[in-house]
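Colleague: Structure provided below as structure tokens; questions to follow.
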Amino acid sequence: MKRGELYRVRRPPGDPKPARVFVIVSRQSLIDSNFSAVMCAPVFSRRHGLPSEVAVGEVEGLKHASAVLCDGLMSIEKARLTDFVGELSPAKLRELDRALAAALSLRS
């Protein structure tokens, strides 16, 4: 398991959909630790053109064009991240960093 990987989560907490894809955004040292959960950003099929979004699609293992929404961060137990979908390229990871900085109002 590593930062930038996409996983389909069945019955995500607080989500009306039966399954949703999430991208792991936690730092690698936390992912590798004994902590039971990691921070993830949800993937939605609609884009809104926000600076806190990252465009993703078939290249990342999805069926259609979508967006990672960094405004919707949530903690998900590692045990629930079992249905691997794909991963972000190094260029998309840099976009993710910028989107997270925008979502959290951090200087990049």
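The values are calculated or read from the model by the stated rules, or taken from the named source; none is laboratory data. Fair warning: this is a prediction, and the values are worked out from it, not measured in the lab. So basically every Cβ, Gly included, is an ideal-geometry build from the backbone, and we count neighbours across all protein chains shown.
Colleague: For segment 66-82: of the residues being assigned to a helix (DSSP H, G or I) and in contact with a Leu (Cβ under 8 Å, 6 or more places away or on another chain), which is surrounded by the most Cβ atoms within 10 Å (Cβ to Cβ)? Full working, then the answer.
Modeller: Filtering segment 66-82 down to residues assigned to a helix (DSSP H, G or I) leaves 70-72, 78-80.
Now restrict to residues that are in contact with a Leu (Cβ under 8 Å, 6 or more places away or on another chain): 70-71.
On the way: 70: 24, 71: 16.
It comes out as 70.
Colleague: Taking residue 85 as the residue in question, decide whether it is touching a Gly at 6+ places or on another chain (Cβ under 9 Å) and either farther than 17 Å from residue 10 by Cα or not in a loop (DSSP other than H, G, I, E, B) (or both).
Modeller: Working: touching a Gly at 6+ places or on another chain (Cβ under 9 Å): yes; either farther than 17 Å from residue 10 by Cα or not in a loop (DSSP other than H, G, I, E, B) (or both): yes.
So residue 85 fits the description; yes.
Colleague: Oh, and also: Restricting the search to segment 26-49, which residues are modelled with pLDDT under 95 and in contact with an Asp or Glu (Cβ under 8 Å, 6 or more places away or on another chain)? Break it down into steps so the answer makes sense when it comes.
Modeller: As a first pass, look at segment 26-49 and keep what is modelled with pLDDT under 95: 45-49.
The one that is modelled with pLDDT under 95 and in contact with an Asp or Glu (Cβ under 8 Å, 6 or more places away or on another chain): 47.
Colleague: Here's another thing I want to ask about it. Would you call residue 102 at pLDDT 95 or above, on the phi < 0 side of the Ramachandran plot, in a strand (DSSP E or B) and not charged (D, E, K, R)?
Modeller: Working: at pLDDT 95 or above: yes; on the phi < 0 side of the Ramachandran plot: yes; in a strand (DSSP E or B): no; not charged (D, E, K, R): yes.
Judged against the criteria, residue 102 is not a match.
Colleague: If the Cβ limit is 6 Å and pairs must be 6+ apart or interchain, which residue in segment 75-99 that is under 14 Å from residue 25 (Cα atoms) pairs with which residue that is modelled with pLDDT under 95 and surrounded by fewer than 17 Cβ atoms within 10 Å (Cβ to Cβ)?
Modeller: As it stands, the answer is 98/108, since those pairs meet every condition given.
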